[in-house]
Amino acid sequence: MTNHTTAGGRAPGLDLLRAGAILTVMLYHLASHGFALDGFGHHGWLGVDLFFVLSGYLIGWQVVRRYADGKRPDWPGFMLSRTLRVLPAYLAVLGLYLAVPAWREAERLPPLWQFFTFTVNLFPDWERARAYSHAWSLCVEEHFYLLLPLAATLLARRPGPRKVLALAALLVVGGMLSRDWTWQRSVAPHLGAGGDPGLAITGYVERIYDPTWHRLDGLLAGVLLATMRAFRPAWWARVQCQGPLLLILGAACVAAVIAIDPLGRTGAVVQFPLAALGFACLVAAVLSPRLPFSRVRLPGCRQAALLAFSLYLTHRQVYAWLDARLDGMPAAAPLTAFVLYNLAALAVAALLYWSVERPALRLRDRLLALRAARTPTAAPRPAPLRSRP
């Protein structure tokens, strides 16, 4: 069973999820700028986990479909594609952070070498160097781009569902055990009577939330969906027939995640895999022909999905810049401020998209087309990623 796409080659359901993910992240950060958004202020981080599942599915599909067809992926082309997808906009925003200090949402940047090596999430200093700290999720994805070819190559030598499931179980269980061990040493000592909640939050963010080895669940869930679709199409067809059930199950998992205290031991251990399961169900649900999401495009979703990466990179700086000029406006005129803040974020994101991101994507497509033409035996050019992290 194939995915439902529009004439433009985009899956409306995936655009809907991508738009929802960036909206959730933006609302999450607005809560720290004087807006009364308590629910999103606590749980908007789930938008990033949804991005991870979407990336795992979309990028994983580019790889596993080649193996399913008996062909080898073009790994140099894959890395070229990912480099031109991420680096131009990422580095352009980093340049703004360096050139315009007023653009920063916090005073200090992490060391530059961490941005160039994508290790911001491995050496976080959340209390003292928080500017552009949301680059942590891009670091996780860059590490995923390096790990995926290695894992796929090893599994392809002797392929089989047992090996795939064994590796998946190892990563999930290993992550849970590592988070539990880390929680007991970095978070638990600061909870309870006499504890310092600030230190507990810092320990959680730096040692549990940010590191790559604790954040692979969502990417893995997406890759497993793509693997099922490529290698077990009959299973995928049966799953797709359960769209309404998947929607309910996914919503239930996300609701369960929201109900769990992230600073508690249970939250640290199970929230990420539970969120990954829930969002994987939602991804499968919006692709199901039994639900309208696979066919009907909601107004604005495509545009929001296209701008999602640029929005993610720039919205925090826009909010901080407006804070310095509209002090107190979110409390005095919340609706007006809400519209103004988000229109400004959209305008800056659109500027970044049209001036940097889109030209880089066009260059990527041209270079990959030339590579495919000059190397007939290489894997053909991957389809442009239409819904990214």
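The values are calculated or read from the model by the stated rules, or taken from the named source; none is laboratory data. Being a predicted model, the structure only gives us computed values, none of them experimental. Positions of Cβ are generated from backbone atoms using ideal geometry, with glycine treated the same way; all protein chains shown enter the neighbour counts.
Quick rundown of the values:
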| quantity | calculated |
| --- | --- |
| The one condition in (1) within 30 Å of residue 64 (Cβ to Cβ); (2) touching a helix residue (DSSP H, G or I) at 6+ places or on another chain (Cβ under 6 Å) that residue 200 fails to fulfil | (1) |
| Complete set of residues in region 69-83 that are surrounded by fewer than 20 Cβ atoms within 10 Å (Cβ to Cβ) and not polar (S, T, N, Q) | 69, 70, 71, 72, 75, 76, 79, 80 |
| Residues of region 151-174 satisfying the condition of being closer than 27 Å to residue 206 by Cα and of a type outside the set (Val, Ile, Thr) | 151, 167, 168, 169, 170, 171, 174 |
| Check on residue 235, surrounded by 13 or more Cβ atoms within 10 Å (Cβ to Cβ), within 24 Å of residue 279 (Cβ to Cβ) and among the aromatic types (Phe, Trp, Tyr) | no |
| The lone exception for residue 275 - which of (1) more than 19 Å from residue 214 (Cβ to Cβ); (2) in contact with a Leu (Cβ under 7 Å, 6 or more places away or on another chain) it fails | (1) |
| Conditions (1) in contact (Cβ under 8 Å) with a residue 12 or more places away in the chain; (2) surrounded by fewer than 16 Cβ atoms within 10 Å (Cβ to Cβ); (3) polar (S, T, N, Q): number failed by residue 336 | (1) |
| Test for residue 193: is it part of a helix (DSSP H, G or I) and either farther than 30 Å from residue 13 by Cβ or in contact with a His (Cβ under 6 Å, 6 or more places away or on another chain) (or both) | no |
| Residues located in region 138-181, provided they are charged (D, E, K, R) and within 23 Å of residue 69 (Cα to Cα) | 157, 158, 162, 163 |
| Residue match in region 310-317 (condition: polar (S, T, N, Q), at pLDDT below 95, farther than 20 Å from residue 31 by Cβ and touching a helix residue (DSSP H, G or I) at 6+ places or on another chain (Cβ under 8 Å)) | no |
| Residue in region 49-68 that is surrounded by fewer than 21 Cβ atoms within 10 Å (Cβ to Cβ) and among the charged types (D, E, K, R) present | yes |
| Residue check, residue 103 over 23 Å from residue 310 (Cβ atoms) and in contact (Cβ under 8 Å) with a residue 12 or more places away in the chain | no |
| Hits in region 15-32 (condition: more than 16 Å from residue 346 (Cβ to Cβ) and either modelled with pLDDT under 95 or in contact with a Gly (Cβ under 9 Å, 6 or more places away or on another chain) (or both)) | 28, 31, 32 |
| Unique match (being under 19 Å from residue 274 (Cβ atoms) and touching a residue at least 24 places away in the same chain (Cβ under 8 Å)) among 179, 207 | 179 |
| Some residue of region 257-266 being in contact (Cβ under 8 Å) with a residue 40 or more places away in the chain and either polar (S, T, N, Q) or crowded, with 21+ Cβ neighbours inside 10 Å (or both) | yes |
| Test: residue in region 331-339 that is in contact with a helix residue (DSSP H, G or I) (Cβ under 6 Å, 6 or more places away or on another chain) and not hydrophobic (A, V, I, L, M, F, W, C) | no |
| Residue match in region 131-142 (condition: at pLDDT 90 or above and surrounded by fewer than 14 Cβ atoms within 10 Å (Cβ to Cβ)) | no |
| Any hit, region 196-215, residues being within 20 Å of residue 61 (Cα to Cα), at pLDDT below 95, in a helix (DSSP H, G or I) and of a type outside the set (A, V, I, L, M) | no |
| Tabulated pairs, region 230-255, first farther than 14 Å from residue 280 by Cβ, second basic (Lys, Arg) and in a helix (DSSP H, G or I), C-beta under 7 angstrom, 6+ apart or interchain | 230/65 |
| Selection count where residues are buried (at least 20 other Cβ atoms within 10 Å of the Cβ) and of a type in the set (D, E, K, R), scope region 143-184 | 1 |
